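Just so it is clear, none of the values below were taken in a lab; they were calculated from the coordinates. Quick caveat: nothing in here was measured; it's all calculated off a predicted structure. Cβ sites come from the backbone with ideal geometry, for glycine too, and all protein chains shown count toward neighbours.
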Amino acid sequence: MKTVGILALMVAFAAPMVAQTPRPLNELTEELKKLEFLMGDWSAEGSVYPAEGEKETWSGTARGRWVLRGRHLRLDTTVTTKAGTTESSAMLTWDPHRERYHALLFSSTEPTPRFVAGTFDGKKLSLQGPRGDAETKLSMVFEKSSDDEYTLNVDMVREESTVHMADGKYMRKRHGGLSLRRDVPYTGFEEERYESIR
């Protein structure tokens, strides 16, 4: 009986894999390429705004890279405040069926991941997802400032009110006079390339 149960589980998990043939990477590339501004190694600084008390400053790092054959972008970050250091990982991708971006957020301070989704408008990637009760949403806006800089604003949105929680500026790290950039070629595989600073 136990063997039958295991076989049933294997069939249940295998069925969607057989039924859903992955779309060719070249159909996804244009939307995924919009995430390229997050690629590479970054240093960061910004502010957090507690519900009670004065704002605090933070510093940190980020690293963005393509994973899983170029279908997802993984963004690993550290944020250090006077209370300590928080580590986070995000997996971002483009959903061609719903035509929106998805991100799953993992944090060293939270037991379960958060899910956010949204759109890309101009130079802004805007993502929203539930935070706590059903009426409260977490809003994250990444905005490209230049090839070597982007910003992040985090808000809590509830009904008609918006509470600003944190913001930050991310600056591309320099390596011996060079700027490290990570680009995705047409196939979707990760490729690392050093470019001279102009």
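For the reader, a short list of remarks on this structure follows.
- Ranking of Leu105, Leu73, Leu127 by neighbouring Cβ atoms within 10 Å, starting from the fewest: Leu105, Leu127, Leu73.
- Neighbours of Val154, meaning other residues whose beta-carbon lies under 11 angstrom from its beta-carbon, give a summed charge of -1 when Lys and Arg score +1 and Asp and Glu score -1.
- For the range 103-114, 3J(HN,Hα) computed residue by residue from phi via the Karplus equation (6.51, -1.76, 1.60; θ = phi - 60°) reads 9, 10, 10, 10, 9, 6, 10, 10, x, 10, x, 10 Hz, glycine and proline entered as x.
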